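Heads up, the thing below is written out as structure tokens.
Read the figures in this text as sums done on the coordinates, not as results from a lab. Note that the coordinates shown come from a computational prediction; the quantities given were computed from them, not determined experimentally. We place every Cβ from the backbone using ideal geometry, glycine too, and count neighbours over all the protein chains shown.
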């Protein structure tokens, strides 16, 4: 069989997640909708795009997306590292922010961040078009 016609459902779901991430990453948005016509509570989705310039010639475009309502969720969608968007779930931290999916981790505070892939040493990053050396982010 032709490999393009023998894709499993897993590939279909991956494409849907990537496409959804792409749509969320297109611009900063704020929208309100009712998920249930019988339920009058409103849900809000907000996306904020941040560009990080890092040492080791790395740049990341990060879309921080949050939803409010009955099931509040916060995710970060990373673009610019590899061919596909990387979706990270928000993790609990005492200060700053922490997003991870186990393999990839983005943590930081204010305009500083660190990007970690697997067991590699973290890459230091700062907001903007120019990398600015920073103190350790923990």
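Just a few scattered comments:
- Scanning region 51-58 for residues that are at positive phi and in contact with a strand residue (DSSP E or B) (Cβ under 7 Å, 6 or more places away or on another chain) turns up at least one hit.
- Elements of type strands (runs of 3 or more DSSP E) contained in region 51-95, each with 3 or more residues being touching a helix residue (DSSP H, G or I) at 6+ places or on another chain (Cβ under 8 Å): 58-68
- Only one of 80, 108, 102 that is free of Cβ contacts under 8 Å to residues at least 40 places away in the same chain and over 22 Å from residue 128 (Cα atoms): 102
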